[in-house]
Amino acid sequence: MRIVLGVGGGIAAYKVASLLRLFTEAGHQVTVIPTEAATRFVGVATWEALSGNPVSNSVFDDVDKVNHVRLGHQADLIVIAPATADLLAKAATGQANDLLTNTLLMAHGPVLFAPAMHTEMWQHAATQANVETLRGRGVTVLEPASGRLTGADSGPGRLPEPEAIFAAAIALAGVETLPATSQAGPLAGRVVTISAGGTREALDPVRFLGNRSSGKQGAALAAAALAAGATVRFLAAHMDVEPPAGVELVRVESALELRQAALEAAADSDVVIMAAAVADFRPAEVSDTKIKKVDGEDAPLVRLVRNPDILHELVERRNAEGGQQLIVGFAAETGDAQGDVLEHATAKLKRKGCDLLVVNQVGVGRVFGQDDNSVVILSGHGAEPQSAAGSKADVAAAVVDRVGAELARVFPAT
(Lines give C-alpha, C1' and ligand atoms only; values in the text may rest on other atoms or scores of the structure.)
Protein backbone atom coordinates (compact mmCIF):
# COMPACT_ATOMS: atom_id res chain seq x y z
CA MET A 1 0.00 0.00 0.00
CA ARG A 2 1.24 3.51 -0.84
CA ILE A 3 0.91 5.84 2.14
CA VAL A 4 1.53 9.56 2.43
CA LEU A 5 2.44 10.41 6.01
CA GLY A 6 2.01 14.13 6.69
CA VAL A 7 3.75 15.42 9.80
CA GLY A 8 2.52 18.58 11.51
CA GLY A 9 4.62 21.05 13.47
CA GLY A 10 4.06 19.89 17.03
CA ILE A 11 6.20 18.39 19.78
CA ALA A 12 4.45 15.04 19.23
CA ALA A 13 6.20 14.75 15.85
CA TYR A 14 8.89 12.64 17.53
CA LYS A 15 6.33 9.91 18.23
CA VAL A 16 5.44 9.72 14.53
CA ALA A 17 8.83 8.12 13.85
CA SER A 18 7.48 5.01 15.61
CA LEU A 19 4.31 5.16 13.47
CA LEU A 20 6.44 5.35 10.34
CA ARG A 21 8.34 2.28 11.46
CA LEU A 22 5.10 0.35 11.98
CA PHE A 23 4.03 1.18 8.43
CA THR A 24 7.35 0.27 6.82
CA GLU A 25 7.78 -2.94 8.82
CA ALA A 26 4.31 -3.99 7.66
CA GLY A 27 5.60 -3.72 4.11
CA HIS A 28 3.95 -0.43 3.06
CA GLN A 29 5.64 2.21 0.91
CA VAL A 30 5.62 5.53 2.78
CA THR A 31 6.30 9.05 1.52
CA VAL A 32 6.74 11.49 4.40
CA ILE A 33 5.72 15.12 3.90
CA PRO A 34 6.58 17.23 6.94
CA THR A 35 5.47 20.84 7.20
CA GLU A 36 8.25 23.40 7.49
CA ALA A 37 7.43 23.74 11.21
CA ALA A 38 7.63 19.96 11.64
CA THR A 39 11.25 19.96 10.50
CA ARG A 40 12.05 22.17 13.50
CA PHE A 41 11.12 19.20 15.72
CA VAL A 42 12.35 16.22 13.63
CA GLY A 43 14.77 16.73 10.75
CA VAL A 44 14.36 15.64 7.14
CA ALA A 45 17.28 13.19 7.49
CA THR A 46 15.33 11.18 10.08
CA TRP A 47 12.28 10.83 7.84
CA GLU A 48 14.42 9.85 4.83
CA ALA A 49 16.37 7.27 6.82
CA LEU A 50 13.25 5.65 8.29
CA SER A 51 11.13 5.73 5.12
CA GLY A 52 13.83 4.99 2.56
CA ASN A 53 12.39 7.74 0.35
CA PRO A 54 13.39 11.34 -0.36
CA VAL A 55 11.54 13.94 1.70
CA SER A 56 10.40 17.42 0.74
CA ASN A 57 7.82 19.95 1.86
CA SER A 58 8.10 22.25 -1.16
CA VAL A 59 6.00 22.25 -4.34
CA PHE A 60 9.10 23.52 -6.18
CA ASP A 61 11.19 20.35 -5.63
CA ASP A 62 11.11 17.78 -8.49
CA VAL A 63 8.75 19.99 -10.47
CA ASP A 64 9.01 17.65 -13.47
CA LYS A 65 7.26 14.95 -11.41
CA VAL A 66 4.40 17.31 -10.50
CA ASN A 67 4.50 16.05 -6.93
CA HIS A 68 1.73 18.30 -5.67
CA VAL A 69 -0.66 16.39 -7.96
CA ARG A 70 0.99 12.97 -8.24
CA LEU A 71 1.34 12.17 -4.55
CA GLY A 72 -2.33 12.71 -3.74
CA HIS A 73 -3.48 10.82 -6.82
CA GLN A 74 -1.29 7.79 -6.18
CA ALA A 75 -1.73 7.49 -2.40
CA ASP A 76 -3.88 4.61 -1.18
CA LEU A 77 -4.03 6.34 2.22
CA ILE A 78 -3.03 9.71 3.69
CA VAL A 79 -2.30 9.96 7.42
CA ILE A 80 -1.66 13.29 9.15
CA ALA A 81 0.07 13.05 12.54
CA PRO A 82 0.31 15.14 14.55
CA ALA A 83 -2.61 17.07 13.09
CA THR A 84 -2.16 20.50 14.66
CA ALA A 85 -4.92 23.08 14.99
CA ASP A 86 -3.27 24.97 12.12
CA LEU A 87 -3.31 21.92 9.81
CA LEU A 88 -6.93 21.12 10.64
CA ALA A 89 -7.90 24.72 9.85
CA LYS A 90 -6.01 24.71 6.53
CA ALA A 91 -7.53 21.38 5.51
CA ALA A 92 -11.06 22.48 6.45
CA THR A 93 -10.76 25.71 4.46
CA GLY A 94 -9.00 24.17 1.45
CA GLN A 95 -5.75 26.11 1.71
CA ALA A 96 -2.81 24.93 -0.41
CA ASN A 97 0.36 26.81 0.48
CA ASP A 98 2.79 23.88 0.73
CA LEU A 99 3.25 20.33 -0.56
CA LEU A 100 1.22 18.69 2.20
CA THR A 101 -1.89 20.86 1.87
CA ASN A 102 -1.73 20.52 -1.94
CA THR A 103 -1.55 16.75 -1.56
CA LEU A 104 -4.61 16.76 0.71
CA LEU A 105 -6.61 18.61 -1.96
CA MET A 106 -5.59 16.01 -4.56
CA ALA A 107 -6.37 12.97 -2.37
CA HIS A 108 -8.26 10.16 -4.07
CA GLY A 109 -8.11 7.70 -1.18
CA PRO A 110 -9.05 7.78 2.51
CA VAL A 111 -7.59 10.45 4.78
CA LEU A 112 -6.99 10.16 8.53
CA PHE A 113 -6.07 12.98 10.93
CA ALA A 114 -4.56 12.20 14.35
CA PRO A 115 -4.85 15.48 16.32
CA ALA A 116 -2.40 16.71 18.94
CA MET A 117 -2.48 20.12 20.60
CA HIS A 118 -3.15 21.82 23.91
CA THR A 119 -6.54 21.10 25.49
CA GLU A 120 -7.88 24.64 25.05
CA MET A 121 -6.90 24.59 21.38
CA TRP A 122 -8.65 21.26 20.81
CA GLN A 123 -11.79 22.39 22.64
CA HIS A 124 -11.93 25.83 20.99
CA ALA A 125 -15.09 26.38 18.92
CA ALA A 126 -13.04 27.11 15.79
CA THR A 127 -11.16 23.80 15.99
CA GLN A 128 -14.32 21.84 16.73
CA ALA A 129 -16.04 23.48 13.75
CA ASN A 130 -13.10 22.54 11.51
CA VAL A 131 -13.22 18.93 12.75
CA GLU A 132 -16.97 18.79 12.11
CA THR A 133 -16.42 20.15 8.59
CA LEU A 134 -13.76 17.53 7.80
CA ARG A 135 -15.81 14.68 9.20
CA GLY A 136 -18.78 15.90 7.19
CA ARG A 137 -16.66 15.45 4.05
CA GLY A 138 -15.91 11.84 4.97
CA VAL A 139 -12.48 12.46 6.46
CA THR A 140 -11.57 10.46 9.57
CA VAL A 141 -10.47 12.61 12.51
CA LEU A 142 -9.45 10.60 15.56
CA GLU A 143 -10.17 11.81 19.07
CA PRO A 144 -6.96 12.90 20.81
CA ALA A 145 -5.83 10.94 23.84
CA SER A 146 -6.06 12.40 27.33
CA GLY A 147 -3.06 12.74 29.61
CA ARG A 148 0.05 14.77 30.33
CA LEU A 149 0.70 17.47 27.74
CA THR A 150 3.93 19.34 26.93
CA GLY A 151 3.94 21.34 30.15
CA ALA A 152 2.45 20.52 33.52
CA ASP A 153 -1.12 20.43 32.22
CA SER A 154 -3.16 17.31 31.55
CA GLY A 155 -6.27 16.78 29.47
CA PRO A 156 -7.46 15.81 25.98
CA GLY A 157 -4.93 16.78 23.35
CA ARG A 158 -2.20 14.11 23.42
CA LEU A 159 -1.37 12.37 20.17
CA PRO A 160 -2.90 8.88 20.18
CA GLU A 161 -0.29 6.14 20.54
CA PRO A 162 1.43 5.08 17.30
CA GLU A 163 -0.06 1.58 17.61
CA ALA A 164 -3.58 3.04 17.85
CA ILE A 165 -3.04 5.30 14.83
CA PHE A 166 -1.56 2.38 12.88
CA ALA A 167 -4.57 0.19 13.70
CA ALA A 168 -7.06 2.91 12.74
CA ALA A 169 -5.22 3.67 9.50
CA ILE A 170 -5.01 0.04 8.39
CA ALA A 171 -8.69 -0.49 9.23
CA LEU A 172 -9.65 2.69 7.31
CA ALA A 173 -7.75 1.48 4.25
CA GLY A 174 -9.53 -1.87 4.43
CA VAL A 175 -6.29 -3.85 4.62
CA GLU A 176 -7.22 -7.12 6.33
CA THR A 177 -3.93 -8.92 5.80
CA LEU A 178 -0.34 -7.82 5.47
CA PRO A 179 1.13 -7.42 2.01
CA ALA A 180 3.07 -10.28 0.51
CA THR A 181 6.38 -8.54 1.21
CA SER A 182 5.97 -9.22 4.93
CA GLN A 183 5.18 -12.89 4.53
CA ALA A 184 8.88 -13.79 4.40
CA GLY A 185 9.46 -12.30 7.85
CA PRO A 186 11.08 -14.19 10.73
CA LEU A 187 7.67 -15.28 12.07
CA ALA A 188 6.11 -16.15 8.71
CA GLY A 189 3.82 -19.17 9.08
CA ARG A 190 3.94 -19.02 12.87
CA VAL A 191 0.98 -18.62 15.20
CA VAL A 192 1.73 -16.24 18.10
CA THR A 193 -0.49 -15.73 21.13
CA ILE A 194 0.08 -12.43 22.98
CA SER A 195 -1.63 -11.26 26.16
CA ALA A 196 -1.72 -7.57 27.06
CA GLY A 197 -3.21 -5.02 29.44
CA GLY A 198 -4.13 -5.32 33.09
CA THR A 199 -6.61 -7.74 34.61
CA ARG A 200 -9.39 -6.48 36.88
CA GLU A 201 -10.66 -8.50 39.82
CA ALA A 202 -14.23 -7.64 40.87
CA LEU A 203 -15.10 -6.56 44.42
CA ASP A 204 -18.72 -5.71 43.66
CA PRO A 205 -20.65 -4.57 40.55
CA VAL A 206 -18.80 -1.22 40.41
CA ARG A 207 -15.41 -1.77 42.07
CA PHE A 208 -12.40 -3.89 41.25
CA LEU A 209 -8.76 -4.50 42.11
CA GLY A 210 -6.58 -3.51 39.17
CA ASN A 211 -3.17 -2.27 38.14
CA ARG A 212 -1.59 0.53 36.09
CA SER A 213 -0.89 -1.43 32.91
CA SER A 214 -1.90 0.47 29.75
CA GLY A 215 -1.45 -2.36 27.27
CA LYS A 216 0.83 -0.21 25.09
CA GLN A 217 3.73 -2.67 25.14
CA GLY A 218 1.46 -5.61 24.33
CA ALA A 219 -0.11 -3.72 21.42
CA ALA A 220 3.37 -2.87 20.12
CA LEU A 221 4.36 -6.54 20.36
CA ALA A 222 1.29 -7.55 18.36
CA ALA A 223 2.07 -4.97 15.67
CA ALA A 224 5.69 -6.17 15.48
CA ALA A 225 4.64 -9.82 15.27
CA LEU A 226 2.18 -9.01 12.47
CA ALA A 227 4.92 -7.13 10.64
CA ALA A 228 7.14 -10.21 11.01
CA GLY A 229 4.53 -12.32 9.21
CA ALA A 230 2.86 -14.06 12.15
CA THR A 231 -0.78 -14.90 12.72
CA VAL A 232 -1.47 -13.15 16.03
CA ARG A 233 -4.02 -14.13 18.67
CA PHE A 234 -4.38 -11.15 20.97
CA LEU A 235 -5.79 -11.63 24.49
CA ALA A 236 -6.70 -8.13 25.64
CA ALA A 237 -7.41 -7.31 29.27
CA HIS A 238 -8.06 -3.64 30.20
CA MET A 239 -6.10 -1.44 27.77
CA ASP A 240 -5.72 2.31 27.21
CA VAL A 241 -4.99 1.76 23.51
CA GLU A 242 -6.77 -0.17 20.78
CA PRO A 243 -5.31 -3.50 19.61
CA PRO A 244 -3.71 -3.43 16.16
CA ALA A 245 -5.90 -4.28 13.19
CA GLY A 246 -5.33 -7.77 11.84
CA VAL A 247 -5.13 -9.68 15.13
CA GLU A 248 -7.53 -12.41 16.27
CA LEU A 249 -8.94 -10.50 19.24
CA VAL A 250 -10.22 -12.04 22.48
CA ARG A 251 -11.39 -9.68 25.24
CA VAL A 252 -10.93 -10.74 28.87
CA GLU A 253 -11.28 -9.00 32.23
CA SER A 254 -10.14 -11.17 35.14
CA ALA A 255 -7.15 -13.43 35.66
CA LEU A 256 -9.42 -16.48 35.53
CA GLU A 257 -10.84 -15.36 32.18
CA LEU A 258 -7.32 -14.77 30.88
CA ARG A 259 -6.23 -18.23 32.06
CA GLN A 260 -9.05 -19.90 30.12
CA ALA A 261 -8.38 -17.85 26.99
CA ALA A 262 -4.61 -18.43 27.18
CA LEU A 263 -4.91 -22.20 27.56
CA GLU A 264 -7.26 -22.37 24.58
CA ALA A 265 -5.26 -20.02 22.35
CA ALA A 266 -1.90 -21.57 23.24
CA ALA A 267 -2.95 -25.11 22.40
CA ASP A 268 -1.75 -24.82 18.79
CA SER A 269 0.46 -21.73 19.00
CA ASP A 270 4.14 -21.73 18.10
CA VAL A 271 4.85 -18.83 20.46
CA VAL A 272 3.12 -17.55 23.60
CA ILE A 273 4.07 -14.09 24.90
CA MET A 274 2.45 -13.30 28.25
CA ALA A 275 2.83 -9.52 28.41
CA ALA A 276 -0.37 -8.88 30.40
CA ALA A 277 -0.13 -7.58 33.97
CA VAL A 278 -2.01 -10.35 35.76
CA ALA A 279 -3.27 -9.82 39.28
CA ASP A 280 -1.63 -12.15 41.80
CA PHE A 281 -4.71 -12.08 44.03
CA ARG A 282 -8.49 -11.69 43.74
CA PRO A 283 -11.19 -11.08 46.37
CA ALA A 284 -12.38 -14.31 47.96
CA GLU A 285 -15.98 -13.07 47.89
CA VAL A 286 -17.61 -10.81 45.29
CA SER A 287 -20.67 -8.88 46.43
CA ASP A 288 -23.73 -8.98 44.18
CA THR A 289 -24.57 -5.42 45.24
CA LYS A 290 -22.51 -2.30 45.74
CA ILE A 291 -20.68 -2.33 49.08
CA LYS A 292 -21.90 0.70 51.03
CA LYS A 293 -20.54 2.73 53.90
CA VAL A 294 -22.58 2.30 57.08
CA ASP A 295 -22.36 4.92 59.83
CA GLY A 296 -20.91 3.50 63.03
CA GLU A 297 -19.40 0.45 61.33
CA ASP A 298 -15.78 -0.18 60.40
CA ALA A 299 -14.77 -0.51 56.77
CA PRO A 300 -15.23 -4.08 55.49
CA LEU A 301 -12.20 -6.35 55.35
CA VAL A 302 -11.38 -7.79 51.96
CA ARG A 303 -9.94 -11.31 52.06
CA LEU A 304 -7.80 -12.21 49.07
CA VAL A 305 -7.04 -15.56 47.47
CA ARG A 306 -4.25 -16.38 45.04
CA ASN A 307 -4.89 -16.38 41.32
CA PRO A 308 -3.49 -19.24 39.23
CA ASP A 309 0.03 -18.85 37.82
CA ILE A 310 -0.90 -18.82 34.13
CA LEU A 311 2.65 -18.62 32.79
CA HIS A 312 3.84 -21.57 34.90
CA GLU A 313 0.78 -23.59 33.92
CA LEU A 314 1.45 -22.98 30.23
CA VAL A 315 5.05 -24.15 30.65
CA GLU A 316 3.99 -27.27 32.57
CA ARG A 317 1.42 -28.22 29.96
CA ARG A 318 3.88 -27.74 27.12
CA ASN A 319 6.50 -29.86 28.87
CA ALA A 320 3.98 -32.59 29.71
CA GLU A 321 2.82 -32.78 26.11
CA GLY A 322 6.33 -32.54 24.67
CA GLY A 323 5.34 -29.61 22.51
CA GLN A 324 7.68 -27.47 20.42
CA GLN A 325 6.52 -24.12 21.69
CA LEU A 326 8.43 -21.01 22.73
CA ILE A 327 7.03 -19.33 25.86
CA VAL A 328 7.95 -15.76 26.80
CA GLY A 329 7.09 -14.15 30.13
CA PHE A 330 7.15 -10.52 31.25
CA ALA A 331 8.22 -9.41 34.70
CA ALA A 332 7.54 -5.97 36.14
CA GLU A 333 9.86 -5.83 39.14
CA THR A 334 10.98 -3.48 41.89
CA GLY A 335 14.10 -3.90 43.99
CA ASP A 336 13.91 -4.31 47.76
CA ALA A 337 16.02 -5.35 50.75
CA GLN A 338 16.11 -8.95 49.49
CA GLY A 339 17.58 -8.15 46.09
CA ASP A 340 17.69 -5.91 43.04
CA VAL A 341 15.45 -6.13 39.98
CA LEU A 342 17.59 -8.61 38.06
CA GLU A 343 18.08 -10.87 41.08
CA HIS A 344 14.32 -11.10 41.60
CA ALA A 345 13.79 -11.61 37.87
CA THR A 346 16.38 -14.38 37.62
CA ALA A 347 14.68 -16.22 40.48
CA LYS A 348 11.31 -15.76 38.76
CA LEU A 349 12.66 -17.13 35.49
CA LYS A 350 13.79 -20.26 37.30
CA ARG A 351 10.40 -20.67 39.02
CA LYS A 352 8.36 -20.11 35.87
CA GLY A 353 10.48 -22.27 33.58
CA CYS A 354 9.78 -20.16 30.48
CA ASP A 355 12.26 -19.79 27.62
CA LEU A 356 12.63 -16.00 27.79
CA LEU A 357 11.72 -13.46 30.46
CA VAL A 358 11.44 -9.77 29.53
CA VAL A 359 12.20 -7.72 32.63
CA ASN A 360 11.62 -4.07 33.41
CA GLN A 361 11.79 -2.00 36.54
CA VAL A 362 8.51 -0.34 37.43
CA GLY A 363 7.51 2.46 39.75
CA VAL A 364 5.76 5.81 39.79
CA GLY A 365 6.22 7.39 36.35
CA ARG A 366 8.11 4.38 35.01
CA VAL A 367 6.97 1.92 32.31
CA PHE A 368 3.22 1.72 33.01
CA GLY A 369 1.41 4.16 30.72
CA GLN A 370 4.65 5.64 29.39
CA ASP A 371 5.70 5.81 25.73
CA ASP A 372 9.23 4.50 26.28
CA ASN A 373 10.54 1.37 27.90
CA SER A 374 13.83 -0.22 28.89
CA VAL A 375 14.07 -3.98 29.33
CA VAL A 376 16.48 -6.85 29.82
CA ILE A 377 15.71 -10.15 28.09
CA LEU A 378 16.79 -13.14 30.20
CA SER A 379 17.17 -16.61 28.73
CA GLY A 380 16.20 -19.86 30.39
CA HIS A 381 18.78 -21.64 28.24
CA GLY A 382 21.90 -19.88 29.46
CA ALA A 383 22.30 -17.18 26.81
CA GLU A 384 23.68 -13.80 27.84
CA PRO A 385 21.13 -11.16 28.94
CA GLN A 386 20.08 -8.76 26.16
CA SER A 387 19.14 -5.13 26.75
CA ALA A 388 16.65 -3.13 24.67
CA ALA A 389 15.48 0.45 25.12
CA GLY A 390 13.61 3.18 23.28
CA SER A 391 9.99 3.53 22.29
CA LYS A 392 7.71 0.62 23.08
CA ALA A 393 7.66 -0.13 19.34
CA ASP A 394 11.47 -0.33 19.42
CA VAL A 395 11.39 -2.67 22.41
CA ALA A 396 8.71 -4.80 20.76
CA ALA A 397 10.82 -5.10 17.62
CA ALA A 398 13.79 -6.26 19.70
CA VAL A 399 11.68 -8.85 21.53
CA VAL A 400 10.16 -10.17 18.29
CA ASP A 401 13.62 -10.36 16.67
CA ARG A 402 14.85 -12.37 19.66
CA VAL A 403 11.80 -14.65 19.47
CA GLY A 404 12.45 -15.24 15.78
CA ALA A 405 16.09 -16.10 16.47
CA GLU A 406 15.15 -18.49 19.29
CA LEU A 407 12.58 -20.24 17.10
CA ALA A 408 15.06 -20.66 14.29
CA ARG A 409 17.59 -22.12 16.73
CA VAL A 410 15.40 -24.39 18.84
CA PHE A 411 12.22 -25.05 16.86
CA PRO A 412 13.03 -24.54 13.17
CA ALA A 413 10.06 -24.38 10.81
CA THR A 414 9.29 -27.59 8.99
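Here are A81, A92, A49: which of them is farther than 23 Å from G136 by Cα and outside any loop (DSSP other than H, G, I, E, B)?
None of the others qualify; the one that does is A49.
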Under 6 Å between Cβ atoms, at least 6 apart or on separate chains: pull out the pairs that start in the range 337-354 with a residue that is in the same structural domain as E313 (by TED's automatic domain parsing) and end on any residue that is surrounded by fewer than 17 Cβ atoms within 10 Å (Cβ to Cβ) and part of a helix (DSSP H, G or I). K352/H312
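Quick one: in the range 11-36, of everything that is touching a helix residue (DSSP H, G or I) at 6+ places or on another chain (Cβ under 8 Å) and part of a loop (DSSP other than H, G, I, E, B), which residue is farthest from G246 (Cα to Cα)? Show your work before the answer.
Within the range 11-36, the first condition is being touching a helix residue (DSSP H, G or I) at 6+ places or on another chain (Cβ under 8 Å), and the residues that meet it are 13, 15-27, 30-35.
With part of a loop (DSSP other than H, G, I, E, B) added as a condition, the list becomes 26-27, 35.
On the way: A26: 11, G27: 14, T35: 31 Å.
Residue satisfying both the conditions and the ranking: T35.
Among the listed residues R259, R212, R233, which satisfies the condition of being surrounded by fewer than 19 Cβ atoms within 10 Å (Cβ to Cβ) and either assigned by TED's automatic domain parsing to the domain that holds V192 or not in a strand (DSSP E or B) (or both)? Let's see the steps before the verdict.
Details: R259 fails: surrounded by fewer than 19 Cβ atoms within 10 Å (Cβ to Cβ); R233 fails: surrounded by fewer than 19 Cβ atoms within 10 Å (Cβ to Cβ).
Result: R212 is the single residue among R259, R212, R233 that is surrounded by fewer than 19 Cβ atoms within 10 Å (Cβ to Cβ) and either assigned by TED's automatic domain parsing to the domain that holds V192 or not in a strand (DSSP E or B) (or both).
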Within the range 146-166, considering residues that are surrounded by fewer than 24 Cβ atoms within 10 Å (Cβ to Cβ) and either among the hydroxyl-bearing types (S, T, Y) or within 11 Å of V241 (Cα to Cα) (or both), the one modelled with the highest pLDDT: A164
Taking Y14 as meeting all but one of (1) surrounded by 21 or more Cβ atoms within 10 Å (Cβ to Cβ); (2) closer than 15 Å to A393 by Cβ, write down the number of the exception. (1)
On the basis of being without any contact (Cβ under 8 Å) to a residue 40 or more places away in the chain, surrounded by fewer than 24 Cβ atoms within 10 Å (Cβ to Cβ) and β-branched (V, I, T), does V42 make the cut? yes
When the range 328-341 is checked residue by residue, the ones that are surrounded by 13 or more Cβ atoms within 10 Å (Cβ to Cβ) and either over 21 Å from N373 (Cα atoms) or touching a Phe, Trp or Tyr at 6+ places or on another chain (Cβ under 6 Å) (or both) are G339
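The values are calculated or read from the model by the stated rules, or taken from the named source; none is laboratory data. From a predicted model like this one, the values you see are computed outputs, not experimental measurements. Quick reminder, even Gly has a Cβ in these numbers, built from the backbone with ideal geometry, and neighbours come from all protein chains shown.
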